[in-house]
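Throughout, read-outs are computed from the coordinates displayed, never taken from laboratory work. In this text, all values refer to a predicted model and were calculated from it rather than measured experimentally. As a convention, Cβ positions derive from the backbone with ideal geometry for all residues, glycine included, and neighbour counts pool all protein chains shown.
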Amino acid sequence: MTTVEKAKEGLEDVVATASAICYLDGDRGVLAYCGYDIHDLARSATFEEVCYLLWHRRLPTRAELGDLQSQLASARRLPEPILRLMRSLPPVDGMDALRTVTSALGLYDAEVNDASPAAQYRKAIRLTAQVSTVVATWGRLKAGGGAIAPDPVMGHAANFLYMLTGERPNATATRAFDVALTLHADHELNASTFAGRVAAATLTDIYSAVVAAIGTLKGPLHGGANAEVMKMLLDLGQTASADRVEQTIQGKLARKEKIPGFGHRVYRTEDPRATHLRQMSRDLGKRAGNTAWFDMSERIEALVKTEKKLNPNVDFYSASTYYTLGIPIDLYTPIFAVSRISGWTAHILEQYANNRLIRPRADYTGPAYPQRLVPLDQR
Ligand SMILES: CC(C)(COP(=O)(O)OP(=O)(O)OC[C@H]1O[C@@H](n2cnc3c(N)ncnc32)[C@H](O)[C@@H]1OP(=O)(O)O)[C@@H](O)C(=O)NCCC(=O)NCCS
């Protein structure tokens, strides 16, 4: 494949739609939701404020935020048949469970086929509330525990950790998780959001569009990378020497294996989300009295930067961050969805509001036309 052909294959730098949600400048390392810099949002906003921002293109007032919090609180609990379905599933991968259960959620939503903007918005809120409950509950069930009902007085981040562990999370864990949700909430036309928009552009229902997005996020080139990072760190082992880390990474690069958590289609600088996650991984490790995973991650970052001039992306330091928060690896990619559901639904609503079927063309490279059709008994 020539360089031009390669770029075309991945729709690299192709502008496929107009959108008012996410501003991304890969050369300057800028990410902003509706004009608000990700660094400011990570420092000073909560995930619920970010949801409101993505859906309404402006930050909420205190009263508007209160309304949204109540709407999320009343939507968080899962319908009983969904809990039964979850209990009946085999112990599959978290993303497979999430994809199946999200599809089933649509079966119990009386408004599933109501295409009015007000109903679509209510469904965006319900999906955002319930995807979190599904992922936390799946973590409980897979660990052999019972489902824990959401607590209506806790915020979104705290509720997730509570439903997962059964314990009220401390302020540090809650804030770290909340920031992680903010950082993952939207990223312009990433593969899963694009998939969601393509589905929505057929005017299918929002659940179907979100299921398309979840299936796309699962891949190791996209959201699946965070779990792959942690598996790589665990394979090396907490006590791995600097030499062993170096040999392993050099070996992977020599075999032309991709190092999970590095590289990005758009950023030519550091991924601004990685800056926060690196800091978070360091701080949480220090508080927990174990910086081994952070130290190893830093060593790998230095090696990959030197050898390949590649920067870590959002998935690299989220791995050690989630590990230190005690989250099972099987939930890392589903947690990406717990956050990105806000961006997916914002884009899907934007697509519905100004829709045209997305239907590109392909360069035909098959056998020459026309071929003579030889009847079956003569072939
Ligand atoms: C994110 C990603 C899919 C972007 O892909 P892309 O824009 O198509 O870039 P390419 O895969 O064509 O990579 C360009 C070059 O960098 C190399 N490269 C990219 N990411 C790499 C990585 N993580 N480790 C080692 N080499 C990498 C490629 O091998 C390629 O080298 P070449 O030109 O010598 O063949 C890619 O960087 C990747 O697979 N990263 C690992 C998975 C990951 O972390 N995904 C999460 C993204 S947020």
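Straightening the chain between Thr172 and Leu234 buys 19.9 nm, computed as 0.36 nm per residue apart minus the Cα-Cα spacing.
Ordered by the count of other Cβ atoms within 10 Å of each Cβ, fewest first, Glu49, Glu270 give Glu270, Glu49. Compactness of segment 141-272, taken as the C-alpha radius of gyration over 2.2 N^0.38 Å, stands at 1.34.
The string of couplings for segment 99-107 from the Karplus curve (6.51, -1.76, 1.60, θ = phi - 60°) is 4, 5, 6, 5, 4, 5, 4, x, 5 Hz, one whole number per residue in order, with x for Gly and Pro. Judged by the ratio a/c of the largest to the smallest principal axis of the C-alpha gyration tensor, segment 33-186 counts as oblate, that ratio being 1.5 or greater while a/b is no larger than b/c.
Rg and Dmax over the alpha-carbon atoms of segment 263-379 stand at 23.3, 75 Å. If R0 is taken as 30 Å, the Cβ-Cβ distance between Thr100 and Arg244 corresponds to a FRET efficiency of 0.15.
Which FRET efficiency value, to the nearest 0.05, is calculated for Asp67 and His222 with the Förster distance at 35 angstrom and r the Cβ-Cβ distance?
On the way: r = 33 Å, r/R0 = 0.94.
The calculated FRET efficiency here is 0.60.
Each of Leu373, Leu78, Leu234, Leu68 was scored by other Cβ atoms within 10 Å of its Cβ. Arranged with the fewest first, they read Leu373, Leu234, Leu68, Leu78. Restricting the calculation to alpha carbons of the chain gives Rg and Dmax of 21.7, 76 angstrom. Cβ-to-Cβ counts within 10 Å put Ile259, Ile341 in ascending order as Ile259, Ile341, the fewest first. For segment 142-177, the residues whose amide N sits under 11 Å from a probe point set 7 Å from the Cα of Arg87 along the beta carbon direction are 146-147. Taken over the alpha carbons of segment 225-324 as equal point scatterers, the Debye sum produces base-10 log I(q)/I(0) values at 0.15, 0.18, 0.21 Å⁻¹ of -0.53, -0.78, -1.07.
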